[in-house]
Each structure stands twice: as structure tokens, then as C-alpha cells.
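This report refers to the structure that appears directly beneath it.
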Amino acid sequence: MPITKIAASGFSDAVNFRNIIINGDMSIAQRGTSFTGNTASNYIVDRFTQSINGAMGTWTNGQSTEVPTAQGFSKSLIMDCTTADASPATADFVRVQQHIEGQNLQYLKKGTSSAESLTASFWVRSNKTGTYIAELEDRDNTRYVSQSYTISSADTWEKKTVTFPGDTSGAFTNDNGESLRLNFWLGGGATWTSGTLGTTWHTTSANRAVGQVNLADSTSNEWYVTGVQLEAGTSASDFEFLPVDVNLQRCKRYFQNLAPTGLDNIRMGIGENKTTTISGVYIKFEPEMRATPSLSSTDANTFSLYHSATDIVASGINFDSKSSKGGNIDVTVSSGLLDGGASQFLTASTSTRLDFSSEL
């Protein structure tokens, strides 16, 4: 029987990465699942960051298993207020956001007469009902557009959809830098809320979050979100679920933890001993990262070198000769290495972390 060609229309429901947002189902959390005492900007689940200006409350946040029923989600992002700020200062704000590369946005044709509209859809839940603001922020041209949504029922998952018009002014830069942010406002002072809500593209700070409730006004307040999708067009499609390996690889372009969490005595690489106290370990990033990353690690003594049947605790870690593809880690010990020999680079604690970040 001859093989016949499958019509292109047969693939109409195939995954095509229509969702601009990465990790919108909140399933990847390489940094951890819960963070407490947060009063400044920090990443929560992968690709989503808490952004705080001023003393806008204290927060516990992270990944939650509270999800809408029978929608296919297993995780959400939670913001839980633990120290209230009922009267924010003029320039204070708190919001959750994702930063997006310009080279991923060129098909939107922003800055031309053919600029695409964008539609955001998401599931949200909070004990605090009222008006909330979702916003697109053009980082290349300092332009904004906002839409409001209403949480109508306390402690109930609700699906929201908002559409932002296309912008015929200001093209996105075609590179690996940040061009766009999707902002979920959770509170803000008069600098951001004293004007008229800007539902068309504008440049006025006071029009960005008009009407936004203050989630920071009580320690009883919490806010959950999942199923975040941002796509071209004026209508929302069903959430685009990706296989976990695909989702993880997309997140690793921006952040990678090379020390297996919770495991001790795990080999992370082989080093060439440069001296009797320093071994150079080459680290290759899989996948290649967005840009040359920075390194953040636990204390040097949470690492060790295994050499000549001896486990030698490290006294220093230095990341150099680096690029988006990989780099060299110089591991320093007090003594005991054979110059020109080889050493295994190991974790020396169950809490060891070796984090590389090229976040926007």
C-alpha cells in the first residue's frame, strides 16, 4: 500500500510555541519551591520574578500545588503577604512579571502599521476581590499598555482573558536583550495609580496601574496564578502544554543549577590541576545559555576535589574564561594536588548549589 502525504491541515492542533510566555504552567522551579521574608525583587518559579520597589510588604512566595480543578495544571505561583503595607509610599509597587527577549518578538511587527494585537489568558485566585491590572511594558521604547481584570469571588479560581492592541510606534530590538515585560500588578503608590488607566499604548507612569487593589494591605492576603499564556491575536486559545523536558530546556537558557539538589558526593566535572592548590574544571552548558552567565554558589567548603584517593574540601571557587556555551571553574584547595594531574569536582554537602544565571 503506498504511503500518502498527510495534509498540512492534519497538523492544525500541533504544538507550535504560540505562547510567548515560558513556564506559564509554573511547573519548573530550579531555584526552589518556597522563599520567605522577601522584601526585594527575586525570581520565584523559573522565568517569573517578584518585582518590588520600596517597602511594599514582605512576602512568602514560590511554587504551590493549589490549582484549578480539572484544567491539567499541577502547579501555580503563590504570593503570600506576611508583613502588610496598607499605605504604600508614592513610588512603591509590587508585581509579578516575566521578561522577554526581543528576537522572540519580531513576528509581532511592533512599530509598523501591521502591528499584532496580543491576548493574555491566565487562571488566578485570591482572597482579595476587586480590580487588578495586567500590563505590557515595552523596555526598548519606554511604552506601556494596561488592561484591568476583576477577581469576583474570594478563594476561587477564575480564568481571565485580556487583549492589548498592537503598537504602531517603537519596534522591538532584534537581539537577545529584554524588549517586553508582562506585568501582573499587585499594588502600587500614586506614581503608578493616580491617572487614567492607559488601555492604549502610552508613556505616562501615572496611567499604568489605576484601580489596582493593594494586595499588601493585610497579612491575610494571597494571590495565585497559573496557565499564563500570551499570544498574537485578539482571542485566547487553550493553554499550550509542553513536555516537561522541552519546558525545562527553555528555562535553562536563562538559569541552570549544576549541583543536584539534596545529593552529596556527586561528581560535576573533571578538572586539570594547574598547580598543587588549583584545579581548572570546564563546565559546558546544555543548552547554550542566552548570554555569558554569572555564577552564584554556596560556600566553597560545600565543594571538594577528589584526587589520589583523597577528598579535599575546597577553599575557593572562581568562574572565569566563560561564554554562553560554558566556562572554567578554578577550584582552590589548601594543598595536596599533583600539578598536571586530574581531580574530580564534587558536591560536599546536600545543600550545595552551583547556579548560573543569564536572566534578562
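The values are calculated or read from the model by the stated rules, or taken from the named source; none is laboratory data. Just so we're clear, the structure is a prediction, and the values are computed from it rather than from any experiment. Heads up, the Cβs are rebuilt from the backbone with ideal geometry, glycines too, and the neighbour counts pull from every protein chain shown. All accessible areas refer to the heavy atoms of the entire protein, side chains included, with ligands and DNA or RNA removed. Shrake-Rupley method; radii C 1.70, N 1.55, O 1.52, S 1.80 Å.
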Would you kindly derive the ³J(HN,Hα) couplings of the stretch 117-128 from the backbone phi angles with the Karplus curve 6.51 cos²θ - 1.76 cosθ + 1.60 (θ = phi - 60°), listing them in order in whole Hz, with x for Gly and Pro? 6, 10, 10, 9, 10, 6, 9, 9, 8, 7, 6, 9
How large is ³J(HN,Hα) for each residue in the stretch 85-97, as worked out from phi by the Karplus curve 6.51 cos²θ - 1.76 cosθ + 1.60 (θ = phi - 60°), to whole Hz, x for Gly and Pro? 9, 6, 10, x, 5, 3, 9, 5, 7, 9, 7, 10, 8
Hey, rough spin-label estimate for Ala232 and Thr82, points 7 angstrom out along Cα→Cβ, what's it come to in nanometres? 4.3
Taking the alpha-carbon centre of each part, the distance from the stretch 188-204 to the stretch 71-100 in Å is 19
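Compute the accessible area per residue over the chain, keeping the other protein chains in place, probe 1.4 Å, unit Å².
Details: 15230 Å² over 360 residues.
Computed with neighbouring chains in place, this is 42 Å² per residue.
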Under a point spin-label approximation (7 Å from Cα along Cα-to-Cβ), what is the Ala40-Ser113 distance to one decimal in nm? 4.9
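Using the Kirkwood radius over Cα pairs, work out the Stokes-Einstein diffusion coefficient for the stretch 262-360 at 4 °C and 1.567 mPa s, in µm²/s as a whole number. Mind dumping the intermediate values first?
Working: Rh = 13.5 Å.
This corresponds to a translational diffusion coefficient of 96 µm²/s.
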Want the number for Thr199 to Glu158: 0.36 nm per residue separation, take away the alpha-carbon distance, what's left? 12.6 nm
Give me the distance between the Cα centres of the stretch 261-333 and the stretch 121-150, rounded to whole Å. 41
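With charges set only on the Cβ (+1 for Lys and Arg, -1 for Asp and Glu), what does the dipole of the stretch 179-267 come to about its Cα centre, in debye to the nearest 20? Working shown, then result.
Details: 6 positive and 7 negative charges, 78 e Å.
It comes to approximately 380 debye.
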Positive end of the dipole of the chain, charges at C-beta (+1 Lys, Arg; -1 Asp, Glu), about the Cα centre: which of Leu354, Ser304, Leu105 has its Cα farthest in that direction? Leu105
As a test of the formula, what do you get for the chain when each DSSP H run with n ≥ 4 contributes -39,500 (n - 2.57) and the sum is divided by the residue count, at 222 nm and rounded to the nearest 500 deg cm²/dmol? -1000 deg cm²/dmol
Once phi is turned into ³J(HN,Hα) by the Karplus curve 6.51 cos²θ - 1.76 cosθ + 1.60 with θ = phi - 60°, what whole-Hz value does each residue of the stretch 105-113 show in order, with x for glycine and proline? 10, 5, 5, 6, 6, 4, x, 10, 5
Scan around Gly166 for amide H atoms under 5 Å from its own, H built in the peptide plane at 1.01 Å from N, and keep only partners 5 or more places away or cross-chain. Ser117, Leu118
In nm, spacing of pseudo-spin labels at Asn318 and Leu338 (7 Å Cα→C-beta vector): 2.5
Lys and Arg at +1, Asp and Glu at -1: add these up for the other residues within a Cβ distance under 12 Å of Leu258 and post the number. +2
Of the options Val333, Thr33, Thr276, report the single residue whose Cα projects farthest towards the positive end of the charge dipole of the chain (beta-carbon charges: Lys, Arg +1; Asp, Glu -1). Thr33
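Where the accessible area of the chain is counted over protein heavy atoms with a 1.4 Å probe, how much of it, in %, is carbon and sulfur?
48
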Of Thr196, Thr83, Thr58, which has the largest mean-square fluctuation in a 10 Å C-alpha GNM of the chain? Thr196
For the peptides 29-38, 139-148, what is the packing order when you average, over each peptide's residues, the other Cβ atoms within 10 Å and list the highest mean first? 139-148, 29-38
Among Lys109/Lys284; Lys75/Lys128; Lys252/Lys274; Lys274/Lys322; Lys75/Lys252, which pairs are too far apart, with a Cα-Cα distance over 26 Å? Lys109/Lys284; Lys252/Lys274
Of Asn141, Phe184, Ala115, which is farthest along the charge dipole of the chain in the positive direction, counting Lys and Arg as +1 and Asp and Glu as -1 at C-beta? Ala115
With log10 I(q)/I(0) by the Debye sum over Cα atoms at q = 0.07, 0.10 Å⁻¹ defined as stated, name the option among (i) -0.27, -0.56; (ii) -0.47, -0.90; (iii) -0.37, -0.71 computed from the structure displayed. (iii)
Dipole in debye (nearest 20) - the chain, about Cα centre, beta carbon charges: Lys, Arg +1; Asp, Glu -1: 480
GNM on the chain, C-alpha springs below 10 Å: top fluctuator among Phe122, Phe164, Phe319? Phe319
